[in-house]
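A short worksheet on the structure shown next.
The values are calculated or read from the model by the stated rules, or taken from the named source; none is laboratory data. Just so you know, these numbers come straight off a predicted model, no measurement behind them. Here the Cβ positions follow ideal geometry from the backbone for every residue, glycine too, while neighbour counts run over all protein chains shown.
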Amino acid sequence: MSIEKKILSREAVVGIIGCGYVGLPLALEFAKKGFRVVAFDLDAPRVDQINRGISYIPDVPTPELSECVKKGTLVATTDFSRLATADTVSICVPTPLRKTKDPDISYIVSALDNLVANRNPNGQLIILESTTYPGTTREVMLPALEAEGAFKVGKDFFLAFSPERVDPGNPVFNIVNTPKVVGGITPECTRLASLLYGSIVDRVMPVTSTESAEMVKLLENTFRSVNIGLVNELALMSHNLNLNIWEIIEAAATKPFGFMPFYPGPGLGGHCIPIDPHYLSWKARQTGFEARFIELAGVVNGSMPHHVVNRVAYGLNEQTKCLKNAKILVVGVAYKKDVNDLRESPALDVMALLEKSGAVLSYSDPYFPTLKWGAETLSSVDISKPEALKKFDCAVVITNHTKVDYKTLLGAVPLIVDTRNVFKGTSHPSIVSL
Ligand SMILES: NC(=O)c1ccc[n+]([C@@H]2O[C@H](COP(=O)([O-])OP(=O)(O)OC[C@H]3O[C@@H](n4cnc5c(N)ncnc54)[C@H](O)[C@@H]3O)[C@@H](O)[C@H]2O)c1
């Protein structure tokens, strides 16, 4: 049976490599839509947890996962030989940066090695989802899969790139109602990848090449990084001008056209915005092009944790205290609201800077009951209990989780540095804003 018929009849076995924030929700969606899904990961405890039907990703509800596992439509494995049984394979492995800020595509290469070693020669459809620089699919994946001419793309196998656009913690947009961009090596690759994703998402947006599809994701994330950089700079400027940046953004956002609000904060976090633009500037540099907006946004956004620490020092100084030995509660360590993800979190930068100045650190975050900090393991402080707050000289709000009542800090801690405007509209002498 052709791959097209298998997709249309839902008989295709869907392989997903990498069961993280991107791969697990994707695997679940395919399973819910009636495909048989095999999810591959190197991490045996994760695989075991999936097979017990227990989710570790907030956007993946355990009841839905366990139903698919019980029905047998979703199974996870560390046995990569089973890749040979998959009709389609979506690769969702990490794409971090090296210390030099150059792309680290070693996880993609490792997934690729497994695909080549466990080949399904019957027209397998392979789709890379990991965010990467334009050219990765054609320059890195295609030659390995063609195996020096032994296999022909568009005939023996099909290859495409489709960027994952998941926004963890977003209550409105999910895999299904977020359009999926698809670009294949050949028009047939694009058509088949569009057909596959068209069976789980409301809208597929085909583009003419894998490079275009790779670039779409980098445009989206660079757009965010640059606009956040701009608004962070405006926040620093407004501070000097004694203006409230939040009020200004809120008013500007009433313009129904030509403006889109972005908000300042303690710095960038997560796996995407602080990292992806560097993939693009690295690739641009290979062609002799300096991506100046990207670099500038990186500098401004990277300075925000220092600004936060300056605001803490200023607030303490006003109360004739100093950072050294000050007891500081960092409120929220996740990189953004309503997620249990610490990656690149600006809270960690702020904590490191505070510690370097001699502050004594504690933290509070309902998504992290404990936090490994150097040789120590810290426990989350429950800020709903006033007695737990008594000892602190300052609370610095880094993450604005929806389920946290920040008002309990008012009157309980002598100084509150609010980097997220959680105290919008509240006037209190203890509050120092960004
Ligand atoms: N998290 C997001 O919000 C988000 C959004 C859009 C795009 N992305 C992109 O999607 C990709 C995956 O990100 P993520 O957040 O899901 O990462 P993650 O770290 O949450 O998950 C990656 C998973 O891949 C597994 N893995 C690593 N190497 C492997 C290999 N060779 N074979 C099999 N499994 C392997 C890891 O064990 C882990 O379970 C990245 O390129 C990221 O930039 C992430």
- Task: Go over the candidates 10, 46 one by one and state the one that is in the same structural domain as residue 71 (by TED's automatic domain parsing), within 18 Å of residue 68 (Cβ to Cβ) and in a loop (DSSP other than H, G, I, E, B).
- Result: 10
- Candidates 417, 432 - the one that is in contact with a Lys or Arg (Cβ under 6 Å, 6 or more places away or on another chain), surrounded by fewer than 23 Cβ atoms within 10 Å (Cβ to Cβ) and either among the small types (Gly, Ala, Ser) or not in a loop (DSSP other than H, G, I, E, B) (or both): 432
- Message: It is to be established whether one or more residues within region 247-257 are basic (Lys, Arg) and farther than 20 Å from residue 347 by Cβ.
- Response: yes
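Only one of 109, 60, 75 is assigned by TED's automatic domain parsing to the domain that holds residue 158, away from the ligand (no atom under 14 Å from the Cβ) and of a type in the set (Val, Ile, Thr). Can you tell me which?
Sole residue among the options that is assigned by TED's automatic domain parsing to the domain that holds residue 158, away from the ligand (no atom under 14 Å from the Cβ) and of a type in the set (Val, Ile, Thr): 75.
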- Note on the structure: Over region 78-102, the set of residues within 18 Å of residue 166 (Cα to Cα) and either surrounded by fewer than 21 Cβ atoms within 10 Å (Cβ to Cβ) or away from the ligand (no atom under 16 Å from the Cβ) (or both) is 94, 96
- Message: Going by what's in this entry, would residue 147 be described as away from the ligand (no atom under 12 Å from the Cβ), of a type outside the set (Asp, Glu), free of Cβ contacts under 8 Å to residues at least 40 places away in the same chain and assigned by TED's automatic domain parsing to the domain that holds residue 105?
- Response: yes
- Note on the structure: Restricted to region 139-186 and to residues being of a type in the set (Gly, Ala, Ser) and within 17 Å of residue 127 (Cα to Cα), the residue surrounded by the fewest Cβ atoms within 10 Å (Cβ to Cβ) is 144
- Query: So residue 274 clears everything in (1) within 21 Å of residue 346 (Cβ to Cβ); (2) within 16 Å of the ligand (Cβ to nearest atom); (3) not in a loop (DSSP other than H, G, I, E, B) except one condition, right? Which one?
  - Reply: (3)
- What are the residues in region 1-23 that are hydroxyl-bearing (Ser, Thr, Tyr) and within 13 Å of residue 88 (Cα to Cα), if any? 2
- Message: Give all pairs with beta carbons closer than 8 Å in which a residue from region 92-110 that is among the acidic types (Asp, Glu) meets a residue that is in a loop (DSSP other than H, G, I, E, B); count only pairs at least 6 apart in sequence or on separate chains.
- Response: 104/95; 104/96; 104/98
